[in-house]
Amino acid sequence: MNFDSVVHAWWFVGLDVVGTVAFALSGITIARSESYSLFGAFVLAALPAVGGGLVMDLIAGRAPVGIIDQPSYMLSIILVVVAARLVLAFIDYARGRLLFFFDLAYLYVRAQQTITTRTLLVLFDSIGLASFTVTGVLTAIQFDCRPYLVWGPVFAVLNAAFGTILRDVFRADAHNPIMKGSFYAEIAAIWGVLLTAALLLLPPSTHPWIVLGALLGASALRMAIYRLGIRAPMF
């Protein structure tokens, strides 16, 4: 794996887009459940998707920052918000009006009853968390932020969790789960350390498998912790 230009590699951009879309969907889920406006939904989608990455890029000295260097990130957020609004508006209109789409509307209602907003949030956040943990570590290595075992995990946490914290602050959520008990940023830190160490110590031929393992491991750990109800250590 060539770390000199990794942030421009197609798979790196792809990972970032996956994480961006996942976090945007988590924001849309909140906006729908809490009756935000279309603009409010865009803000809730954008903050976790690009907020942490912007801070990380500024610290790393990346110029231009990722959201300008790769317009696909912001375009992805816009497309996800618009597409979700159109789909939801169509389902709302079709429900009880168009018999042809009655089953679709019925399935949507049933899904709302069986899959809670919290479950959807954790699912989308776990995907975004895993993707952004990996890209955060790789950004630290490419921009030579030493020591790597410090800045790799720090960038993983910034990229994966800081934007979500901003989203909760914007919502005026006094609970702010990431800061008060939710085992979330700690996952990015743990996998940030493991991924950084593995990339530095193991041969380049293993790097793709290491990245894949980190993606699956971070996502699975987030889902498992949610299912088991494990809380972060309190201060």
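Ranking request for peptides 34-42, 62-70, 179-187, 48-56: highest mean number of other beta-carbon atoms within 10 Å first, then the rest in descending order. Display every interim value, and only then the final one.
Details: 34-42: 14.1, 62-70: 15.8, 179-187: 18.6, 48-56: 25.6.
Final packing ranking: 48-56, 179-187, 62-70, 34-42.
Computed over the alpha-carbon pairs of the chain, the distance histogram in 5 Å steps reads 1, 7, 14, 18, 18, 15, 11, 7, 4, 2, 1, 0, 0 percent, short to long.
The calculated FRET efficiency for the pair L38 and R118, based on their C-beta separation and a Förster distance of 30 Å, comes to about 0.80. Dipole of segment 3-228 computed with +1 at Lys/Arg Cβ and -1 at Asp/Glu Cβ about the Cα centre; of I190, F170, A60, farthest Cα towards the positive end is F170. Per-residue ellipticity at 222 nm from helix content only, as computed over the chain with -39500 (n - 2.57) for each DSSP H run of at least four residues, stands at -24500 deg cm²/dmol. Here the extension length gained between V87 and L201 equals 36.3 nm, from 0.36 nm per residue of separation less the Cα-Cα distance. Compute the long axis of helix 10-33 from its Cα atoms, compare it with the longest principal axis of the Cα atoms of the chain, and write down the angle in degrees, 0 to 90, nearest 10. Its long axis makes an angle of about 40 degrees. Measuring between their Cα centroids, segment 207-224 and segment 8-65 lie 20 Å from each other.
Taken together, the values in this text are just the output of simple stated rules run on the coordinates, not laboratory data. Quantities reported herein were computed from a predicted structural model and do not represent experimental measurements. Glycine gets a Cβ as well: all are built from the backbone with ideal geometry, and neighbour counts include every protein chain shown.
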